[in-house]
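The structure appears below as structure tokens.
The values are calculated or read from the model by the stated rules, or taken from the named source; none is laboratory data. Keep in mind that what you see is a predicted model, and the values were worked out from it rather than measured. Here Cβ is always computed from backbone atoms with ideal geometry, including for glycine, and neighbour counts include all displayed protein chains.
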């Protein structure tokens, strides 16, 4: 499918479920772009995925891991073997429109300040609504609560073309994110401490700190089945979301902002605990407490991450934070009942 001169390398981390990988690879085979290489990184699947890829797609570059390195680790391993100028990290539970790669490449080439970007991501099962994981460009408030154009918390909007403009965002979804390979390496790749969830937000934060930008290109469209590898509303998913969000906050902000922003964030975590208790949502409650406990007991990880961040940082917090929402999305959504991205921008 490609040679060592490939301009785009598509890296697909995979763990079990041959059926979804099969549909993804079949869709990629219809992509209207002349020069791509496909790298499947198998995270020690137990369902004969490796044998299936070898038999059905012998020209694909297959990497066989001896354990599950998660999304972050799998992507990093794939990136090390990639020959493309641009990397696309793609979930295996996606299908794509035929022009998706060409549109992303055109956007990258048109603006050298763009380090990463994502397509418009719609739900696979209902293609009229934005997918939970990324919508039409990811955003985040200063308290490290992420949301997207087309998705606020669990509310997913219908796609009526309201977010079809290319524009700057804060993070590009790991469901499908294109990154310049040289900048991906300079930024240090995905932080494998995250394992899964929000590692792409952390990467984009570092890219902004390096002086670059992240965009969304809705002309490229990907459909996502969402949460097949790690189902929604599980203890593990809740835990990773809370822990990883706090990990970013305490690792990427200046010491001053750790106190100014971190204290209100911890208060919000405590409120979430009481709310979970009232709702008898023990999975969510224990996940929040587990996340807080991890942060308290792993200062060495945070210090090490802060040191790495400081080495690549070119912009101060105040310049990076201009790309974040200055209000609390939690208050806007739960107290003021704002349900769409356009609503939260209105006064």
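Within the bounds of region 188-211, is there any residue that is assigned to a loop (DSSP other than H, G, I, E, B), crowded, with 19+ Cβ neighbours inside 10 Å, touching a strand residue (DSSP E or B) at 6+ places or on another chain (Cβ under 6 Å) and at pLDDT 95 or above?
Checked against the condition, which is being assigned to a loop (DSSP other than H, G, I, E, B), crowded, with 19+ Cβ neighbours inside 10 Å, touching a strand residue (DSSP E or B) at 6+ places or on another chain (Cβ under 6 Å) and at pLDDT 95 or above, region 188-211 yields no hits at all.
Given the criteria free of Cβ contacts under 8 Å to residues at least 60 places away in the same chain and either outside the structural domain of residue 87 (by TED's automatic domain parsing) or within 25 Å of residue 343 (Cα to Cα) (or both), does residue 173 qualify?
For residue 173, the condition - free of Cβ contacts under 8 Å to residues at least 60 places away in the same chain and either outside the structural domain of residue 87 (by TED's automatic domain parsing) or within 25 Å of residue 343 (Cα to Cα) (or both) - is met.
Any residue at all in region 53-68 that is closer than 24 Å to residue 99 by Cβ and within 22 Å of the chain's Cα centre (by Cα)?
No, region 53-68 contains no residue that is closer than 24 Å to residue 99 by Cβ and within 22 Å of the chain's Cα centre (by Cα).
Looking at (1) within 17 Å of the chain's Cα centre (by Cα); (2) within 30 Å of residue 95 (Cβ to Cβ), which is the one condition that is false for residue 219?
For residue 219, the exception is condition (1).
Any residue that is over 23 Å from residue 194 (Cβ atoms), part of a loop (DSSP other than H, G, I, E, B) and in the same structural domain as residue 196 (by TED's automatic domain parsing) - is there at least one of those in region 59-79?
yes
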